[in-house]
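Worksheet: the structure to be examined is printed underneath.
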Amino acid sequence: MNRLRKTRKARLGLDQPPKKAKNGKKQVSLSDHSLVTRIHGLYSKALKKFAGDVLLWMQYFDWCKATKSSKALGSSYARAIQLHPTDDRLWISCAKYEFEENLNISSARGNLSS
């Protein structure tokens, strides 16, 4: 579906880089924003129903990283670790994200030492 949207935007000439708003942030089209919001909602419902599925959590983390949804990623890491405190994959993924993406060394160390 996303591939079809990209093709359609290219055909219509809408694939130009987003302009910056007055506050310095990039403007995103309403359809781009609503699609990402919709997928976050679907993941949220799935993670409530299948909270024990660690692979689903990892897929959601990958989706958040791909869409650069750092606020959703941070809260979902916290929720996943609360539900699965003994799963090493979650701890390592969280610490790696904090260290490499957020450049927050103290938080990454805190995640590994807990």
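Where a number appears in this text, it was derived from the coordinates with a stated rule and is not lab data. The structure displayed is predicted, hence computed values, not measured ones. We place every Cβ from the backbone using ideal geometry, glycine too, and count neighbours over all the protein chains shown.
Here the spin labels are modelled as points 7 Å beyond Cα on the Cα-Cβ line, and at L83 and S34 they lie 2.9 nm apart.
Once the chain from K71 to L42 is taken as fully extended at 0.36 nm per residue, the excess over their C-alpha distance is 8.8 nm.
Going down the list K6/K68; K9/K65; K6/K49, which pairs span over 21 Å between their C-alpha atoms? Before the final figure, lay out each step's value.
Numbers: K6/K68 18 Å; K9/K65 23 Å; K6/K49 31 Å.
Violating the 21 Å Cα-Cα cut-off are K9/K65; K6/K49.
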